[in-house]
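Taking it in order: structure first as structure tokens, then the write-up.
Readers should treat all values here as calculations from the given coordinates under stated rules, not as data from a laboratory. Here the structure is a predicted model, which means the values were calculated and not measured. Ideal geometry is used to build each Cβ from the backbone, glycine not excepted, and the neighbour counts take in all protein chains shown.
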Amino acid sequence: DRDRRLQRTAVPFRVGVALGDNSGVRASAMLTSDRRHAESLAPMIEFVLSQASVRVDEVDHIAVDVGPGLFTGMRVGIASAASLAWALELPVVPVCSLDALAMNAEWSDNVVAASLDARRGEVYWSLYRMRGVGVEPLRLTEPVVSSPEDMAVHLADRGEDITCVGTGFIRHVALFEDVPWAMMAGEPHAFPTAQKVVVLASHRIAADDTVQAGEITPMYLRAPDAEINWLTREASK
């Protein structure tokens, strides 16, 4: 019974790899599953290199999504990026997942709200002004974590139409589906992608905005769930 409950409540994760150059994204792969984060990543990297006919020693930068997001996926992605960067002696380009998510609405003339489901009744979110297809969005607010209700109040107070992208809006759609200012982008635009991370990384590389492997800093915004669970148990004693 317990196993069946776990299967019903398991949330699929998405792991993606992309490779690009100055001309754009040359190859990419994405997997949606509910397990095997680390086991999937290495074969996907090999596959993408093969599809682009690029040798690993021809890569000159490593880009990685540093969050905010689910902690297990962040740790796997960052550890893999750091390992590659150490082995190949390459600089790393950290990319915020909300920045990459906002790129899904690069067609919008409205302010864009990018939000990811943070679980525990919270969302990660930030606001952006889009500056054209393939161009890095302008961040209007720093990424934060809050209740979806607080996010809804903040967005409503702006008094303007807002394009809403991401799982934070899909998970809490009842708060936004009948609101006239909320332009819901829908599920096809709900996740940050490796392709958008590569596009953003190309802008950061041009600006020499890179770090060394040991300097990658995850964007947690709140304590990991395991730490929260431990503190909750301690407080209840």
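Within the P(r) computed for the range 85-176, what percentage of the Cα pairs occupies the region above 21 Å? Walk me through the numbers on the way to the answer.
Numbers: 1369 of 4186 pairs.
Of all Cα-Cα distances in the range 85-176, 33 percent exceed 21 Å.
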Among Asp57, Asp117, Asp99, whose mean-square fluctuation peaks in a Gaussian network model of the chain (Cα, cutoff 10 Å)?
Asp57
Quick one: 3J(HN,Hα) in Hz for the range 178-186, Karplus 6.51/-1.76/1.60 with θ = phi - 60°, rounded, Gly and Pro as x.
10, 8, x, 7, 8, 9, 6, 7, x
Two-site label geometry, Asn22 and Asp60: point separation in nm, points 7 Å out along Cα→Cβ:
0.8
Counting pairwise Cα distances across the range 46-139, what percent come out greater than 22 angstrom?
44
Percent antiparallel among DSSP beta bridges confined to the chain, rounded to 5, stands at 70
With each pseudo-label sitting 7 Å past Cα toward Cβ, what's the Glu89-Asp178 distance in nm, one decimal?
6.4
Suppose every K and R has +1 on its Cβ and every D and E has -1 on its Cβ; what is the size of the dipole of the chain about the Cα centre, in Debye to the nearest 20?
740
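Kirkwood hydrodynamic radius for the range 100-228: how many Å is it when counted over pairs of different Cα atoms? Working shown, then result.
Numbers: mean 1/r = 0.0648 Å⁻¹.
By the Kirkwood definition, the hydrodynamic radius is 15.4 Å.
Over 27 Å apart: what share of the alpha carbon pairs of the chain falls there, rounded to a whole percent? It would help to have the intermediate numbers written out before the result.
Details: 10414 of 27966 pairs.
Percent of Cα pairs beyond 27 Å in the chain: 37.
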